[in-house]
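See structure below.
The values are calculated or read from the model by the stated rules, or taken from the named source; none is laboratory data. Everything numeric here is computed off the predicted structure, so don't read it as measured data. Methodologically, a virtual Cβ is constructed for each residue, glycine included, from the backbone with ideal geometry; neighbour enumeration extends over all protein chains shown.
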Amino acid sequence: MPRLLAVVVAALVVVPSAGAAWKQISTVGVDNTMQPAVLRTGAGTELAAYSDRRSTLKVWSSAKGDVTVATGLLSVGKPALVQLPAGPIELYAPATTAGFALQGVLRWESANDGASWSGPFKTGSPNLGDVEAAAVRKDGAPMFSQDSTLGVTVYQGLNGETSHLVFSGCCGYAESLAVDTNDFAQIAFWSNANAFPNLFVYEGLDGSGAQAGPGRSFGQPQTAPRDDDVPLVADGAGRTFMGWAGGYPTATSFVVNAFQGGNLGYSAIAAGGAFSGGDPHMALAVDPANRLWAVWTQGGSVHARRSRSAAHHFGASSAGGLGGATAYQLAAIALGDGRVDAFVDTGSTIVHQAFLPALTVKATRTAAGVLDDGFGVPGATLKGGGHTVKTNAKGKASLAVFKRHTRIAVSAAGYLNTAFTRP
């Protein structure tokens, strides 16, 4: 009796044309350092804030389209967005108003899901450096951060009433903030300071926003700075995830760390292979069902993989080519319907595209399993050679009706289609 050969069939990566799939959201010119600040509101609306670094501050809304927050400013930089537990949305941006009436980090507020904005209001930061990150404490107190040659500073309170230098080396860059379900605040950034030379740094913060204990570093000295973004996100189950790029002298992996209560539990590789230029630009996003998306740039495309296992492992990759454009900045929003929306700064415009999770097929000569991050997908349709079958509750289906070497298309609601050849 011949031995059944188990064949793992990877999901077919679909690379849609950039012109058909990517949609521009920016209505003013942007430079290649303008990473959009993104937020999924409690109502499910997507918001992406950005500026032209001259006079105009904008928010794109999936519900309302283009919204002008402020114009006629004397200066404006990179903004950050948060939503308070009571519902208002806060936008923090470094700006100077006409006549220098206000200067530093200013706050605008929306009480109608980002459709219109009031402000600006003065905050405790007089600095005009980009607002790199923002988060919200469980009591509703916002936090935002800026970095400079003095280090990384975290401001806490609606108007940044308290501030702490949480990293005093020169320099820390591209920080992200996250607050877990136990109100433990954390920050992650890239450093080229002597204490952490060209490394990714993770720190816990105390109740006031000050550094709580020593930082922990990851990676190896890099020849190129990773100063676009160091992603850090918290889910609804007490976990926080940090992304960083490993490898030397060029990146060879996109690694995701999983922390709980400030302790590193485990790490997983979300992507590997050959990276060049500024790749991988990295983003992490968590959806309302605590599914984690890892999104990155590689080989002229944006790639996305979803984890249903809290980053113990990831499903197959979806990808979208950029049509020859270069990705300089990347952000992502995990949507309630299971997709992820990726936002890319191409150097002059900001575009976005939503990605479906991809399927993996594991097939023998007699049966196939259709999987999402190792979990069986029930009700998936397998079609080929004039025959159709569906997977059972465990995501498995018999291949008895298909002739050997038949090309079989696989589809399931909410997933990118794939295909395999029966062994």
Original post:
Quick one: which of A325, A413 is under 21 Å from V302 (Cβ atoms), over 19 Å from the mean Cα position of the chain (by Cα) and not polar (S, T, N, Q)?
Top reply: A325
Original post:
In the stretch 5-64, which strands (runs of 3 or more DSSP E) lie fully inside it and hold 1 or more residues that are in contact with a strand residue (DSSP E or B) (Cβ under 8 Å, 6 or more places away or on another chain), modelled with pLDDT under 95 and not hydroxyl-bearing (S, T, Y)?
Top reply: 7-9
**OP:** Of all residues in the stretch 41-94, count the ones that are farther than 23 Å from D31 by Cβ and under 22 Å from the mean Cα position of the chain (by Cα).
**Re:** 13
**OP:** Could you pull out every one of the strands (runs of 3 or more DSSP E) wholly within the stretch 313-378 that has 3 or more residues that are under 19 Å from P79 (Cα atoms) and touching a strand residue (DSSP E or B) at 6+ places or on another chain (Cβ under 9 Å)?
**Re:** 329-334, 340-345, 350-355
**OP:** May I ask you to list pairs of residues, at least six apart or on different chains, whose Cβ atoms are under 9 Å apart, with the first in the stretch 345-374 being basic (K, R) and the second being crowded, with 19+ Cβ neighbours inside 10 Å and in a loop (DSSP other than H, G, I, E, B)?
**Re:** R365/L399; R365/R422
**OP:** Quick one: which residue in A304, A283 is within 24 Å of T181 (Cα to Cα), in the same structural domain as P231 (by TED's automatic domain parsing) and under 17 Å from the mean Cα position of the chain (by Cα)?
**Re:** A283
**OP:** Only residues that are aliphatic (A, V, I, L, M), within 15 Å of A245 (Cα to Cα) and either touching a strand residue (DSSP E or B) at 6+ places or on another chain (Cβ under 7 Å) or outside the structural domain of E175 (by TED's automatic domain parsing) (or both): list them for the stretch 262-280, please.
**Re:** A268, I269, A270, A271
**OP:** Identify the residue in the stretch 19-72 that is of a type in the set (D, E) and surrounded by fewer than 18 Cβ atoms within 10 Å (Cβ to Cβ) and, among all such residues, is farthest from A319 (Cα to Cα).
**Re:** D66
Original post:
Going by the conditions given, is S318 assigned by TED's automatic domain parsing to the domain that holds G65, crowded, with 17+ Cβ neighbours inside 10 Å, modelled with pLDDT of 95 or more and among the hydroxyl-bearing types (S, T, Y)?
Top reply: yes
Original post:
Mind checking which pairs have a first residue in the stretch 405-423 that is free of Cβ contacts under 8 Å to residues at least 12 places away in the same chain and part of a strand (DSSP E or B) and a second that is surrounded by 21 or more Cβ atoms within 10 Å (Cβ to Cβ) and among the aromatic types (F, W, Y), Cβ under 6 Å, 6 or more apart or different chains?
Top reply: none
**OP:** Assess whether A274 counts as being of a type in the set (G, A, S) and either under 19 Å from D373 (Cα atoms) or part of a strand (DSSP E or B) (or both).
**Re:** no
**OP:** Evaluate the stretch 328-336: report whether one residue or more is free of Cβ contacts under 8 Å to residues at least 60 places away in the same chain and in the same structural domain as G246 (by TED's automatic domain parsing).
**Re:** no
Original post:
Within the stretch 384-391, is even one residue β-branched (V, I, T), in the same structural domain as D31 (by TED's automatic domain parsing), part of a loop (DSSP other than H, G, I, E, B) and modelled with pLDDT of 95 or more?
Top reply: no
Original post:
How many residues are in contact (Cβ under 8 Å) with a residue 40 or more places away in the chain, farther than 17 Å from R306 by Cβ and surrounded by 23 or more Cβ atoms within 10 Å (Cβ to Cβ) when one looks only at the stretch 246-266?
Top reply: 1
**OP:** Would you be able to say whether some residue in the stretch 197-211 is over 25 Å from S163 (Cβ atoms) and buried (at least 19 other Cβ atoms within 10 Å of the Cβ)?
**Re:** no
**OP:** Sort out which residues of the stretch 91-104 are part of a strand (DSSP E or B), more than 16 Å from K58 (Cβ to Cβ) and not β-branched (V, I, T), and write them in order of number.
**Re:** Q103, G104
**OP:** Please specify each residue of the stretch 291-305 satisfying the condition of being of a type in the set (F, W, Y) and either surrounded by fewer than 24 Cβ atoms within 10 Å (Cβ to Cβ) or over 16 Å from T326 (Cα atoms) (or both).
**Re:** W293
